[in-house]
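Scroll down for the structure; my scribbles are underneath it.
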Amino acid sequence: MKATAVAPPQDLADIIHAKGSRKSFVFRLVLIVLLIGAAAGTWYWWRLQQQAQNQISPYTTEEVRKGEIRLTVTATGNLEPTNEVTIGSELSGTTLEVYVDINDRVKKGQPLAKLDTSKLQQQTESSRASVASANAKVAQVQATVKEAEASLNRLRDLHRISNGKMPAQADLDTATATMDRAKADLLTAEASVKEAEAQVKINERDLEKAVIKSPIDGIVLTRSLEPGQTVAASFTAPELFVLAENLELMELNVAVAEADIGRVEAGQKATFTVDAWPERSFSANVRRVSFGSVITDNVVTYQTELEVSNKDLSLRPGMTATADIHVAESTNTFLVPTAALRFDPAAAASQAGGPPQEKKSFVQNLMPGPRRFSSNRPRPGDEGGGKEKKSQQRNDGTARIWTLKDGQPVALEVKLGLTDGRNTEVSGEGLKEGLPVIIRANVPSAS
């Protein structure tokens, strides 16, 4: 009997290992294919979702809401006291004393400064002496009048007793003329007395003016006088003090542009801010709107005065303020975005139109395409490419807005009111709070 050869155990292990390697390779290959398929399916699902979203929301809308809207006019100006008094001096001389300083509160009639009055006092004494001399002259002339009158009476008595024989008529005429001259001299002397007395009053008045007094109750804003300083008032009164009557009530003078002045009128409310208090807002009222214009660098403005309360004295004269004058206001009214007034479905359809593009494969999407022109260049068929859309407002103050009905734009006629640039007041039939209005069309991106 012939013996049969048996394979060693090592060869059997190699065969089993080779079969296991082929199964592992096939498993890995199947896993890679499944991963690639899952990724492609995910990308395809995402594309379908994007296309479905573009089909569901072809327009961007915002809801009509109720609220308040204000129209304001902005202007800048400076704060000033309601009554500012500049105090000078009618007299020239040397300053003897100064009684007040900046920020001091003063009362009406309170002395502020005093000039040297020694020369004025001498002139006053001289005037009083002139009055005494004039009075003496009057007394002297009165005696002369009495003497001339007595002499004339004697001559008249003699002429009556002598039946006209004595004295001569020439003597009577001379005596009458002498008495008339004496009475005229008396009038001249009395006038000299009045002149001298008037000069005394002038000098006494100048003595009073040498003491500079406050004409109002207020606060000292500026002081331009020091003791020993010479005051020269030969032509114009020098500015020595500036007083503000009441800083608790001030005025704000702003320059309003000619485009806005037609809306501004007395009694309107306003708010303003100053650089010193950037986080505070102050209240004011329009008190007066000037009819006269001011032209600065070919810009026409109109001066407008605002009344300001300053109880805490936080505001000071000269501060620069930026004011917002509330010229119009509407509350509990329908508001729509101003962009809704510029939407035009015909223009939106024209922009969205164009020849259909050929679908590209996944590999073609990854390949670079030809150079594209800038989007702000007008394309063939575009009307007014690159120009801003205009509002659909008409001359009668009405406009058209668009809402969605069954996915299609539907026009809605409205009457326009106030606008602040972003929102516009509207009224009309069919309006309700929460109604979606179209503000723009969603142009689908190229696939």
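The values are calculated or read from the model by the stated rules, or taken from the named source; none is laboratory data. As the structure is a prediction and not an experimental result, all values here were calculated from the model. Reconstructed Cβ throughout: ideal geometry from the backbone, glycine too, with neighbour counts over all protein chains shown. Areas reflect the complete protein model, heavy atoms only, side chains present, ligands, DNA and RNA absent. Shrake-Rupley method; radii C 1.70, N 1.55, O 1.52, S 1.80 Å.
Before moving on, here are some points about what is shown:
- Residue selection: LEU79 fails the criterion of being modelled with pLDDT under 90 and open to solvent by less than 70 Å² (accessible area, probe 1.4 Å).
- Residue check for ALA266: at pLDDT 90 or above, of a type in the set (Gly, Ala, Ser), more than 29 Å from GLU62 (Cβ to Cβ) and surrounded by fewer than 17 Cβ atoms within 10 Å (Cβ to Cβ): yes
- The conditions of being part of a loop (DSSP other than H, G, I, E, B) and either hydrophobic (A, V, I, L, M, F, W, C) or under 19 Å from VAL98 (Cβ atoms) (or both) are not met by ALA196.
- Filtered residues of the stretch 285-341 (kept if open to solvent by less than 50 Å² (accessible area, probe 1.4 Å), touching a Leu at 6+ places or on another chain (Cβ under 7 Å) and among the hydroxyl-bearing types (Ser, Thr, Tyr)): SER330
- Selection status of ASP275, under 15 Å from the mean Cα position of the chain (by Cα), loosely packed, with under 14 Cβ neighbours inside 10 Å and not hydrophobic (A, V, I, L, M, F, W, C): yes
- Condition met for PHE282 (among the aromatic types (Phe, Trp, Tyr) and open to solvent by less than 50 Å² (accessible area, probe 1.4 Å)): yes
- The number of residues in the stretch 95-134 being small (Gly, Ala, Ser) and touching an Asp or Glu at 6+ places or on another chain (Cβ under 7 Å) comes to 1.
- Hits in the stretch 236-265 - residues which are in a loop (DSSP other than H, G, I, E, B) and under 26 Å from SER309 (Cβ atoms): GLU245, ASN246, LEU247, GLU248, ASP260, VAL264, GLU265
- Flag for LEU225 being part of a loop (DSSP other than H, G, I, E, B) and surrounded by 19 or more Cβ atoms within 10 Å (Cβ to Cβ): yes
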